[in-house]
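The following block contains the structure, expressed as structure tokens.
The values are calculated or read from the model by the stated rules, or taken from the named source; none is laboratory data. Since this is a predicted model, take the numbers as computed values, not measurements. Ideal geometry is used to build each Cβ from the backbone, glycine not excepted, and the neighbour counts take in all protein chains shown.
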Amino acid sequence: MNLLKRFAFFSIGLIAGIIILIFFLGGKRASCDYSPTARTLKNIRIKDRVYLEEAYRFFESNNIDTTVVNTILEDGNVNFGKSQTDKEPCNIYFVSGEIESNKLELQIENCEVTATIQRVEFLDK
């Protein structure tokens, strides 16, 4: 079989495979969260969120809406060096993200059912 026929058969199989994948995965919310940061943020996002009074006071005193937490949990970075990933019964994570040219850091206690926003602070101020 010459090279042109091999390339044609390969192309037909490749296109058929892509069409099958689009058909099976098209309506699903499949995601590829393989990095430790992506897995941690996804784990926190799917849980019920509870805000401690200190976190609420920070948002009120700085005129920031608590919905910025959603943005930080989508695009933020987890500082694993500062986080306590082996603490019992709940891990503590420090997640930072940028909101309107301000860099915020959230201290989040990640338990089995809830994720508690314990503290929020500016990093660059």
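Taking the conditions exactly as written (surrounded by 11 or more Cβ atoms within 10 Å (Cβ to Cβ) and assigned to a helix (DSSP H, G or I)), does A38 satisfy them or not?
Answer is yes for this residue.
Right, next: Filter segment 81-107 down to the residues that are aliphatic (A, V, I, L, M) and under 19 Å from N62 (Cα atoms) and list them by number.
Correct list: V95, I99, L104, L106.
Residues that are exposed (fewer than 13 other Cβ atoms within 10 Å of the Cβ), within 14 Å of the chain's Cα centre (by Cα), polar (S, T, N, Q) and at pLDDT 85 or above: does segment 48-65 have at least one?
no
Suppose we keep only residues that are among the polar types (S, T, N, Q) and surrounded by 14 or more Cβ atoms within 10 Å (Cβ to Cβ) within segment 85-108. Which one would you say is modelled with the lowest pLDDT?
N102
Please tell me if N63 is free of Cβ contacts under 8 Å to residues at least 40 places away in the same chain, assigned by TED's automatic domain parsing to the domain that holds Q107 and more than 25 Å from E112 (Cβ to Cβ).
yes
Scanning segment 109-125 for residues that are closer than 12 Å to N43 by Cα and of a type outside the set (D, E), which turns out surrounded by the most Cβ atoms within 10 Å (Cβ to Cβ)?
A115
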